[in-house]
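Enquirer: I'd like to ask some things about the structure below.
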Amino acid sequence: MERNLKNVLVISFGFLLLFTAYSGLQSLQSSLNAEEGLGVASLSVLYAALTLSSMFLPPIMIKKLGCKWTIAVSMCCYVAYSLGNFYASWYTLIPTSMILGLGGAPLWSAKCTYLTIAGTLYAEKAGKSAKDIINQYFGIFFLVFQTSGVWGNLISSLILSQSSNQGEISEEDLECCGAYDCLTDATNSTGSERPSDSLIYTLLGVYTASGVLAVLLVIIFLDQIKSDQAETEKEKTPFWSMFLATLRHLKDKRQCLLIPLTMYSGFEQAFLSGDFSKSFVTCALGIQYVGYMMICFAGVNSLCSLLFGKISQFMGRKLLFALAAVLNTSCIITVLLWKPDPKQLAVFFVIPGLWGVSDAVWQTQTNALYGILFEKNKEAAFANYRLWESVGFVIAFAYSTKLQVYIKAYIVLSVLVLSMLTYGAVEYLEAKRSPWTPAATKKENGGPHSQETHM
């Protein structure tokens, strides 16, 4: 097997194992640790720490440790979060959430940098377009990575479905479900009752083992990778200059215009995993259905990630972004108008499925856009991606327990509209920077800018 492809697969399956645990835990936090809002509070702290981490840690860790060991060390932070859930309290879950947040930004920045450098090196050796190879590498990564949501949530659903706390949900309880939830009692007592401790410990044991395997896979099989150009630049760059690289990158007008789009990625993921899962699925069907709902989302997301990575160079990113915006808008409007009813079981899965199609665009295309627009400053650019996506998560989770779902839906829709306007401005600036040239330039603009990352 070609060496670069082997490394892409190692990273992909390492992330698959790691996020099998994290995706399952994140989906359940708002329902499993609902008392005093602990679960949502931990996610808010997690992404706040991730925001702080994004400002300075990625360039420093990548410089000192290299991409491989940055990935390995950061993965250990995720394992700590799984351990913190064994005895979920304000004294265990909040600190481990902070640890995970600090490791999140270096993990994703190192992954993005690694795949971009690997794609560039292979393209030079094979005489192919670097942008097309990078596109394909990110497509492979997301095909594998997005299935983590399938496996993580399948594990949770299979284990939690063995609970004896399941029962029929009354019409009175259903009145507190949906967009116009009761807020103070957003989930009914039957559907949201906490499973037994033995089932929870079994689930957490499986998740912890999965995270440990991810760390071992990366340490044993992933090659350290170096870019001569990147190493030369790092040798010439003072430490404090690297420390401030993430903030200095905001001087680029295109980066500033991409902030709403990047933040929207956090808003929309937080809404689905926090609000939809709790006020619709857990409330109307029961906590054991959360995993199945997220499987639908993750499965569609994974398949579409590969598809969009392949067809982006033919369709162009503008059309894909437009498709995602239309689908997400349709889902939000449906959430606002639909009153959840257990008899309409299909709707509980159609919405996450369509949401998965649009999220595949936000993840693959936005990250590829960063990788290509800021090719000469990859670490700082990807750190900014993690920073602003995290800000979106923090804001969304921070107001999660304070506002009714319909208000949060309107907020998400407003951010989507703003992000499309600012994204259009980026396209306008790029059109001015790149004068009309032959087909090669057209292909370059339509493909690579349309491809690549997420937490």
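The values are calculated or read from the model by the stated rules, or taken from the named source; none is laboratory data. Please read these numbers as outputs of a predicted model, since none were measured by experiment. With ideal geometry, Cβ positions are generated from the backbone for all residues, glycine too; neighbour counts draw on all protein chains shown. To get the accessible areas, we keep the full protein, side chains included, count just its heavy atoms, and leave off ligands, DNA and RNA. Shrake-Rupley method; radii C 1.70, N 1.55, O 1.52, S 1.80 Å.
Enquirer: Name the one entry in Tyr201, Tyr114, Tyr137, Tyr207 that is open to solvent by 20 Å² or more (accessible area, probe 1.4 Å), on the phi < 0 side of the Ramachandran plot and modelled with pLDDT of 75 or more.
Expert: Tyr201
Enquirer: Right, here's the next one. Against the definition (in contact with a Gly (Cβ under 7 Å, 6 or more places away or on another chain), part of a helix (DSSP H, G or I) and under 12 Å from Asp275 (Cβ atoms)), how does Ala409 come out, yes or no?
Expert: For Ala409, the condition - in contact with a Gly (Cβ under 7 Å, 6 or more places away or on another chain), part of a helix (DSSP H, G or I) and under 12 Å from Asp275 (Cβ atoms) - is not met.
Enquirer: Another one. For residues that are open to solvent by 10 Å² or more (accessible area, probe 1.4 Å) and of a type in the set (Gly, Ala, Ser), scanning just segment 54-95, find the one that is farthest from Ile225 (Cα to Cα).
Expert: Ser89
Enquirer: Then there's this: Can you confirm whether Thr401 is outside the structural domain of Leu28 (by the TED database), part of a helix (DSSP H, G or I) and polar (S, T, N, Q)?
Expert: Considered against the rule, which asks whether it is outside the structural domain of Leu28 (by the TED database), part of a helix (DSSP H, G or I) and polar (S, T, N, Q), Thr401 comes out as no.
Enquirer: Under 6 Å between Cβ atoms, which residue pairs at least 6 apart in sequence (or on different chains) link something in segment 25-52 that is within 13 Å of Leu102 (Cα to Cα) with a partner that is among the hydroxyl-bearing types (Ser, Thr, Tyr) and part of a helix (DSSP H, G or I)?
Expert: Filtered contacts from segment 25-52: Val45/Ser97; Leu46/Ser97; Tyr47/Ser390; Leu50/Ser390; Thr51/Ser390.
Enquirer: I'd like to verify a number: residues in segment 1-39 that are open to solvent by 10 Å² or more (accessible area, probe 1.4 Å) and among the aliphatic types (A, V, I, L, M), how many?
Expert: Residues meeting the conditions: 9.
Enquirer: Is it the case that segment 349-358 has a residue that's more than 19 Å from the chain's Cα centre (by Cα) and over 27 Å from Phe56 (Cβ atoms)?
Expert: yes
Enquirer: For segment 428-454, name all the residues that are surrounded by 15 or more Cβ atoms within 10 Å (Cβ to Cβ) and modelled with pLDDT of 50 or more.
Expert: Listed by number, the residues that qualify are Glu430, His454.
Enquirer: For Thr329, are the conditions met, namely being within 16 Å of the chain's Cα centre (by Cα) and among the hydroxyl-bearing types (Ser, Thr, Tyr)?
Expert: Judged against the criteria, Thr329 is not a match.
Enquirer: A follow-up question, please. Could you look through segment 305-336, keep only residues that are among the aromatic types (Phe, Trp, Tyr) and touching a Phe, Trp or Tyr at 6+ places or on another chain (Cβ under 9 Å), and pick out the one that is modelled with the highest pLDDT?
Expert: Per the stated criteria, the residue is Phe321.
Enquirer: Look through segment 17-50, keep the residues that are farther than 19 Å from Cys283 by Cα and of a type in the set (S, T, N, Q), and return whichever of them is nearest to the chain's Cα centre (by Cα).
Expert: Here the answer is Ser23.
Enquirer: Limited to segment 64-96, what total is found for residues that are touching a Gly at 6+ places or on another chain (Cβ under 7 Å) and among the charged types (D, E, K, R)?
Expert: The number of residues fulfilling the criteria is 0.
Enquirer: Output the residues belonging to segment 131-147 that are assigned to a helix (DSSP H, G or I) and either in contact with a strand residue (DSSP E or B) (Cβ under 8 Å, 6 or more places away or on another chain) or β-branched (Val, Ile, Thr) (or both).
Expert: Ile133, Ile134, Ile140, Val144 - these are the residues of segment 131-147 that are assigned to a helix (DSSP H, G or I) and either in contact with a strand residue (DSSP E or B) (Cβ under 8 Å, 6 or more places away or on another chain) or β-branched (Val, Ile, Thr) (or both).
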